[in-house]
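One structure is given below, encoded as structure tokens.
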Amino acid sequence: MSREPSREHGPSTRQGALEGIVVLELDEGRAHLAGKLLADLGARIIKVEPPDGSAPRRVGPYHGDVVGPDSSLQFWHYNTGKESVVLDLREETDRISFLELVGDVDVVLDGLAFGALDSLHLDPAALIRQNPDLVYCGVTAFGNGGPWRDYASSDLVHLALGGVAAVCGYDEPHDDGPIAPLGGQAANLTGLLTASAILAALYNRDRVGGGQFIDVATHDVLSLSTEMMIPYWEFRQMNGIRQSGRHGRPYLTPRWNHRCRDGKYINALPLYLDNERFAKMVDWFDSEGLAGDLRASEYATDQLRAERMGHIVDVIGEMCAAHDCDDMVSDAQRRRLPWGPINAPDQLVDDVHLQERHAFVYVEHENLGVSLTYPGAPYVLKGTPWSTRRAPLLGEHTEAVVPREKK
Amino acid sequence: MSGSRDVQPAGALDGVRVLDFTWSVAGPVLTRNLAILGAEILKVEWPAHADPMRSAFYAADATYRGFNNGPFFADLNVGKKSLTVDVRSPEGAAVVTRLLEQCDLVVESFSSRVFERWGFGYEQLSAINPSIVYVSISGFGHSGPNRDWDTWGPTAQAYNGLTHQSGLPGREPAGWGWSYMDLAAGYTATVATIAALLSARATGVGQYVDISQIESGIALNGAAILDATVNERAFSGTDVPIGNRSVVKDASQNGGTQSGYRGDEGVPYGIYPTKGGGYFDYCAVTACSDEQWFALRRAMGDPPWSARGDLDNLSGRIESQDEIDEEIASWSMGFEKYELMEYLQGCGVAAGAVQSAEDKMESDPQLFSSNLWPYLTHPEIGRHRFQGVPFSMSPSPTRVEERWPILGSDTASILEGVLNMSAEEVADLEARGITWPAGMGRDVDYGRELW
């Protein structure tokens, strides 16, 4: 790859938005995105790990498919810009070191299981005694109360309980049950809201002073992240159904996904086809003799088109089958039809638009002698730099942060 | 700022005033989050083309389909105020300019360049108010060759790779059953926005935050991206996508495995049918460690098929995943979904019923205890449950305030309270069609729903 991903984000004289903020992070996979977001915006994240490393170091895929604590790509992505300090919190001396660190930081981001810190006598109350201006943020599966608070969970269990899986999958009559999307989205949504809550608490501390106790539960986050599904039940007593790749509805709607000539799928949204857009679409299809009967008067108005949308979508599908996906998309967008390609992750890095926006950045792994392509900033803050660096090796910063003579 | 502490403590973003030009879903998700945290949201619209989500759908018993009684709109915009003004008129633009002086944040989600054309590019905004934070949320962002392309949530998640990864092997991508990127981009924008507000508070200087709905999903798929860029693994072939699993044999890659990038791994890891056989009668069961696998075996009564030594470790279970799934799927049919979940959790196995919206609202005891859907009374749609707050804070409370942006209902109080206009000036603006279209009633009957 020859492009130059830099996105005005390299070394800069301006400081990151969160310069000066120090966060102590404990994580088992639920809190690390929040820490990464804060780190890449300029905060210092000290990640405290047990001697065998935090759990995400043991989750694949791995660099070169070689299993090891420093080769998990899962860990690499979610832990950019952090420092790793190994402390065995079961040991008194390390607990003392931990409490001393707590006294010097702005935030404790605690992603350990419900009750884990309490059992080490490091409960939030003890931490706040150590640092009254502390923002303590606990991130758990089900929260600090309720009948399920001790239940075991996983990404899939959360996607099932949170209402995500129920409405993802294939349309009738090809429904094959709920299919929960990939990518670790239960932890992702949790991480985004966790970072938001911490930043709000820091804003409040700047404004009026004082720390904060924050409680984030993945089950609550997911349960509130299914958009229209809750209002549809509350106001219509209808449940959303599984429909591939389109708006959530409690009734079957015409499909949006079509297979193109090159085998790639397109997401061809058939809504908002007002008179002008529809006419342009029909002219376009007609120029290749593929407009079918869409010029007929039965398609002349919004109302009429809505009644016959199933057939219109079939005609769109035939047009797609005759063209390659990316051509189809740019021809559609020229006519203000908001269609998109269904890209595979490996196709994104070569996307011209994303390249020009520097949506991917090189991250140096000087220990391996390589620079690797990572996702760039999820947002462009024009006035304060976003920058990232590789995830820490296990315990890489222990000596620097907790010198041996002190331990 | 008031010198004394209120009896009822203020939210963390108390005192932050937001001029909100967003519409549809992603932008309003951001400002809903800010409202929950205590910010004051002034939602700006022009009634001749009000936010289309106002008519997204109506209650089963609605007798008219107006500006203000659409439940989805009310749910998404709870806690906000409504200001109507014709930004494209010189006098309307002047009102907006004066409001910008009094705001900490201005947010819009128009297509690229629309706001700039109205005279509110970042240069103009910072000239009006140097400390203002300007956040735009658009499909492709405000630069790059596709900046003028349009997206909606489902097209954004198709473009950024999330849709492609979900589905069954050899079938079309199933993706998501709703606009995931509307939620996820709104959440991502919340992080960037509060970070920029913090920085502006510290330095006195605001900034321009350019958010692309498509890009905001890339960081939500990072392990897959790295697998592609670092391991050069294409997510293609007949064994992908991998359904509900977390890891599978990778037939095309010499005995390796294909990850589901879920952040955890194990076998079994699936959604299995339960008694009743209905549309939502399923339960997720996962064993992310050998210990959980042994616990599951015991829970199933140690059936002979499960006792094979090669199943004692993950690589053996990956090898026999099809067989394991078939066995569990026939066993799970003997239980109701909640019964199975409770039984397995009691045995130390991670399990969770597939819940519909109805299940979450009427059956889930955990959500009942966290009061996730508070009852609020809306002036036009009555007393109903609204989606609440996904986290709690103390001492700064998070809450959904019992108010809605009834179109134009806060215009006068905002102009009088924030801009110190007299009642006469306010009435004059309305009479001349600057704050409400001349000759238009205060409500409409759309007659039909948006879709």
Query raised in the report: So is A:SER330 of a type in the set (Ser, Thr, Tyr) and not assigned by TED's automatic domain parsing to the domain that holds A:ALA43 or not?
Result: yes
Report summary line: (1) closer than 27 Å to B:ALA94 by Cβ; (2) surrounded by fewer than 19 Cβ atoms within 10 Å (Cβ to Cβ) all hold for B:TRP451 apart from (1)
**Report entry** Index of the failed condition, A:VAL282 passing every other in (1) in contact with a Pro (Cβ under 6 Å, 6 or more places away or on another chain); (2) more than 23 Å from B:GLU449 (Cβ to Cβ)
**Finding:** (1)
Query raised in the report: Taking only pairs six or more apart or across chains, which ones have beta-carbon atoms under 8 Å, a first residue in the stretch B:88-106 that is free of Cβ contacts under 8 Å to residues at least 40 places away in the same chain, and a second residue that is part of a helix (DSSP H, G or I)?
Result: B:THR97/B:ILE128; B:GLU101/B:ILE128
Requested in this report: Identify all residues within the stretch B:80-99 that are in contact with a helix residue (DSSP H, G or I) (Cβ under 9 Å, 6 or more places away or on another chain) and surrounded by 19 or more Cβ atoms within 10 Å (Cβ to Cβ); write none if there are none.
Outcome: B:LYS80, B:LYS81, B:SER82, B:LEU83, B:THR84, B:VAL85, B:ASP86, B:GLY92, B:VAL95, B:LEU99
Query raised in the report: Quick check: anything in the stretch B:220-230 assigned to a loop (DSSP other than H, G, I, E, B), without any contact (Cβ under 8 Å) to a residue 40 or more places away in the chain and among the small types (Gly, Ala, Ser)?
Result: no
Query raised in the report: Just checking, which of A:ASP346, A:ASP331 is at pLDDT below 95, in contact with a helix residue (DSSP H, G or I) (Cβ under 8 Å, 6 or more places away or on another chain) and in a helix (DSSP H, G or I)?
Result: A:ASP346
Report summary line: When every residue in the stretch A:238-257 that is more than 7 Å from chain B (Cβ to nearest Cβ) and free of Cβ contacts under 8 Å to residues at least 60 places away in the same chain is compared, the one surrounded by the fewest Cβ atoms within 10 Å (Cβ to Cβ) is A:TYR251
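Residue under question is B:ALA195, and the condition is that it be at the interface with chain A (Cβ under 7 Å from one of its Cβ atoms), touching a strand residue (DSSP E or B) at 6+ places or on another chain (Cβ under 8 Å), under 25 Å from A:PRO385 (Cβ atoms) and not in a loop (DSSP other than H, G, I, E, B); does it hold? Steps first, answer last, please.
Values: at the interface with chain A (Cβ under 7 Å from one of its Cβ atoms): yes; touching a strand residue (DSSP E or B) at 6+ places or on another chain (Cβ under 8 Å): yes; under 25 Å from A:PRO385 (Cβ atoms): yes; not in a loop (DSSP other than H, G, I, E, B): yes.
Yes; evaluated as a whole, the condition is true for this residue.
Are there any strands (runs of 3 or more DSSP E) wholly within the stretch B:349-413 with 2 or more residues that are touching a residue at least 40 places away in the same chain (Cβ under 8 Å), and if so which? Explain how you work it out, then say what you get.
Values: elements: B:350-353, B:375-378, B:382-385, B:391-394.
Once the strands (runs of 3 or more DSSP E) in the stretch B:349-413 are filtered for at least 2 residues that are touching a residue at least 40 places away in the same chain (Cβ under 8 Å), what remains is B:350-353, B:375-378.
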Query raised in the report: So which strands (runs of 3 or more DSSP E) are wholly in the stretch A:62-156 and hold at least 2 residues that are under 30 Å from A:GLU364 (Cα atoms) and modelled with pLDDT of 95 or more?
Result: A:82-86, A:107-110
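Hey, could you check the stretch B:133-156 for residues that are free of Cβ contacts under 8 Å to residues at least 24 places away in the same chain and either surrounded by fewer than 21 Cβ atoms within 10 Å (Cβ to Cβ) or of a type in the set (Ser, Thr, Tyr) (or both) and say which is nearest to the other protein chains (Cβ to nearest Cβ)?
First pass over the stretch B:133-156, keeping only residues free of Cβ contacts under 8 Å to residues at least 24 places away in the same chain: B:144-146, B:149, B:155.
Adding the requirement that they be either surrounded by fewer than 21 Cβ atoms within 10 Å (Cβ to Cβ) or of a type in the set (Ser, Thr, Tyr) (or both) leaves B:145, B:155.
Numbers: B:PRO145: 5, B:THR155: 4 Å.
Going through the qualifying residues, I end up with B:THR155.
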**Report entry** Meets criteria (more than 7 Å from chain A (Cβ to nearest Cβ), assigned to a loop (DSSP other than H, G, I, E, B), surrounded by 16 or more Cβ atoms within 10 Å (Cβ to Cβ) and touching a residue at least 12 places away in the same chain (Cβ under 8 Å)) for B:GLY266
**Finding:** yes
Query raised in the report: Which one is farthest from the chain's Cα centre (by Cα), of the residues in the stretch B:159-170 that are facing chain A (nearest Cβ under 7 Å) and not polar (S, T, N, Q)?
Result: B:LEU168
Query - Test result for A:SER84, within 14 Å of chain B (Cβ to nearest Cβ) and buried (at least 18 other Cβ atoms within 10 Å of the Cβ) - result: no
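Output the residues belonging to the stretch A:364-387 that are in a loop (DSSP other than H, G, I, E, B) and crowded, with 18+ Cβ neighbours inside 10 Å. Write out each step before concluding.
Kept after step one, since they are in a loop (DSSP other than H, G, I, E, B), are these residues of the stretch A:364-387: A:366-369, A:376-379, A:382-387.
Scanning the stretch A:364-387 gives A:GLY376, A:ALA377, A:PRO378, A:TYR379, A:GLY383, A:THR384, A:PRO385, A:TRP386, A:SER387.
The values are calculated or read from the model by the stated rules, or taken from the named source; none is laboratory data. Bear in mind the structure is a predicted one, so any value in this text is a computation, not a measurement. No Cβ is skipped: glycine too gets one built from the backbone with ideal geometry, and neighbour counts run over all protein chains shown.
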